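Colleague: Pasting in a structure now, in structure tokens, and then I'll have a few things to ask.
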Amino acid sequence: MKPFIFAAGVTLVALSISANVQSAGKISNNEFNPAISLILDGRYTDIDNSELELPGFQLGGEAELPENGFSTGHNELSISANIDDKFYGSMTSAIIYEDGETEVELEEAYIETLKLGSGFAIKGGRFFSGIGYLNSIHDHAHDFADRPLVYDAIFGGHLVDTGVQARWVAPTDLYLSLGAEVTRGSEFPGGDNEDNNNGLAFFIKTGGDIGASSSWLLGASYYESEFDVREAGGHSHGDEEEGADNELLDGKVDVAGIDFVYKWAPNGNSKQTNFKLQAEYFVKNEEGDSEFTEGVNTAEANYDGEQKGYYIQGIYQFMPAWRVGLRYDYLEADNTVTNFAGSGIDEEEFLEESSLGTEGDPEKSSIMLDYSPSHFSRIRLQYSQLDNGHDETNDIITLQYVMSLGSHGAHTF
């Protein structure tokens, strides 16, 4: 009996191995088959001064100017797929090489509902807010090598946070979409808060066609948050040798904005030639207790500020694959500082170092030319002149490539 048992065992093992071999290469219904995209961004920059200073605006997030010389830009790795017939998932990470170190930053990681019906969709996780026009669009898909100045000044680059978003598209002939978000409120221009649910945003968008050749999109949005403490950029913020620390305590902030996009292409065919006009305007109100520390010297004051800014740009494709663009950016700040108290720092120095002083209105003018032989590749040359409104004019020349490997999602309007 023992030989028979041994033989039967061998036979069963052989049958099992045979079954596994025969099933190799087959994909069951729950196999994961995501869309993967890699964005490569490289550039050469000739810049007078790589330190971004905007008097009247405390900077945060990713608000900065590029390094001088050769550098890698904002490289992105994205993975996305339908999870099942009810949910979609996406994750995007930025891979950045800066100051001799490689950093991986989580940009977005969220799930989104499918087929809720009646025009509704819900998104949860970490995501770019739906406010404004450019905010939800990743940098590599922008029409210029850098973000508009108002996005750096108001949002620190992009408004991105963790929470939940609900959207509804109305069943009307004229496009109409409404959205609302509840988020942690901890990302700039918000700050750390005990509840981690203080961010609130609303947005509405409408648009339509004008004949066969033109279309338009108009939007309005609002964001607010309250926070216990916000690390804010200042004149010396981040300078470890001087040990500068710039904070806004017990603060609150709200931002309101409008955006407009107009597109033209002969009979709707944009392949040969097309034109896009784009503009956004934001107003930010914030207040709190400002504290600035530099070594053993300290200063504090009550702060109430109103900042506003806009950009307007036009992009013209004059022949297949070739485009030229112009953009103008403008910022204005009106800050009030009261109840100043300092030790080793006078009020004038405090206003300068904390970036709350409002001397002049920063502005920036840019012109670019780019060549895109396909949807997957782009080479761009850009010149910008940045005037910080105070005492410095910065000339910036950028030669950039943006390459897309893998899946390529549909372009937004």
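Colleague: Average the reciprocal distances over every distinct pair of alpha-carbons in segment 148-189, invert the result, and give the Kirkwood radius in Å.
Modeller: So the Kirkwood estimate lands at 12.4 Å.
Colleague: A further question on this structure: To the nearest whole percent, what portion of all C-alpha pairs in segment 27-127 is separated by more than 16 angstrom?
Modeller: The answer is 70 percent, as a whole percent.
Colleague: What list of ³J(HN,Hα) couplings, whole Hz, do you get for segment 139-155 from phi and the Karplus terms 6.51, -1.76, 1.60, once you set θ to phi - 60° and write x for glycine and proline?
Modeller: 4, 5, 9, 6, 8, 10, 6, 9, 6, x, 4, 5, 5, 5, 6, 8, 10
Colleague: For Leu249 paired with Val324, estimate the spin-label separation in nm (one decimal), with each label point 7 Å from Cα along the Cα-to-Cβ line.
Modeller: Each label point lies 7 Å from its Cα, and together they span 5.5 nm.
Colleague: Can I ask one more? For the pairs Lys263/Lys308; Lys205/Lys276; Lys308/Lys364; Lys252/Lys308, flag any whose C-alpha to C-alpha distance is greater than 20 Å.
Modeller: Values: Lys263/Lys308 26 Å; Lys205/Lys276 18 Å; Lys308/Lys364 15 Å; Lys252/Lys308 16 Å.
Checking Cα-Cα distances, Lys263/Lys308 exceed 20 Å.
Colleague: What is the pair-distance distribution P(r) of segment 281-413, computed from all Cα-Cα distances in 5 Å bins starting at 0, with each bin given as a whole percent?
Modeller: Each 5 Å bin holds this share of Cα pairs: 2, 8, 13, 13, 13, 12, 10, 9, 8, 6, 4, 1, 0.
Colleague: For labels at Asn269 and Thr412 in the simple 7 Å Cα→Cβ model, what's the distance in nm?
Modeller: Rounded to a tenth, the inter-label distance reads 2.9 nm.
Colleague: Among Tyr311, Trp264, Tyr281, which residue has its Cα positioned farthest towards the positive end of the charge dipole of segment 223-333, with +1 placed on the Cβ of Lys and Arg, -1 on the Cβ of Asp and Glu, and the dipole taken about the Cα centre?
Modeller: Trp264
Colleague: Next question, about the same structure. Is segment 131-253 best put as rounded, prolate or oblate by its Cα gyration tensor, with a ≥ b ≥ c the root eigenvalues, rounded for a/c under 1.5, and otherwise prolate when a/b is larger than b/c, oblate when not?
Modeller: It comes out oblate by the Cα gyration axes.
Colleague: Let me ask something else about it. At a probe size of 1.4 Å, how large is the accessible area of Thr393, to the nearest 10 Å²?
Modeller: About 70 Å², ignoring ligands and nucleic acids.
Colleague: What is the distance, in nm, between label points placed 7 Å from the Cα along the Cα-to-Cβ direction at Tyr371 and at Asn297?
Modeller: 5.2
Colleague: Report the rotationally averaged projected area of segment 265-309 based on its alpha-carbon convex hull, in square nanometres.
Modeller: 6.5
Colleague: Over the chain, what is the relative contact order in whole percent, taking alpha-carbon pairs under 8 Å and six or more residues apart?
Modeller: Once divided by the residue count of the chain, the mean separation gives 15 percent.
Colleague: Set the Förster radius R0 to 30 Å, insert the Cβ-Cβ distance between Phe340 and Ser50 as r into 1/(1 + (r/R0)^6), and round the FRET efficiency to 0.05.
Modeller: E(calc), rounded to 0.05, equals 0.45.
Colleague: At a Förster distance of 41 Å, what's the computed FRET efficiency of Leu176 paired with Glu67, Cβ-Cβ distance as r, to 0.05?
Modeller: 0.40
Colleague: For the chain, take the convex hull of the Cα atoms, compute a quarter of its surface area, and give me that in nm², please.
Modeller: The number I arrive at for the chain is 28.3 nm².
Colleague: Want the number for Asp289 to Tyr222: 0.36 nm per residue separation, take away the alpha-carbon distance, what's left?
Modeller: Length difference between fully extended and current span is 21.8 nm.
Colleague: Given the peptides 324-331, 37-44, arrange them by the average over their residues of other C-beta atoms within 10 Å, most packed first.
Modeller: Result, highest mean first: 324-331, 37-44.
Colleague: Also: Enter the angle in degrees (range 0 to 90, nearest 10) between the Cα long axis of helix 2-23 and the first principal axis of the Cα atoms of the chain, meaning the one along which they spread out most.
Modeller: The angle comes out at about 50 degrees.
The values are calculated or read from the model by the stated rules, or taken from the named source; none is laboratory data. Everything quoted here is computed from the prediction, not taken from an experiment. Note: ideal-geometry Cβ built from the backbone for every residue, glycine included; neighbour counts use all protein chains shown. Side chains are part of the model used for accessible areas, which takes the heavy atoms of the whole protein and leaves out ligands, DNA and RNA. Shrake-Rupley method; radii C 1.70, N 1.55, O 1.52, S 1.80 Å.
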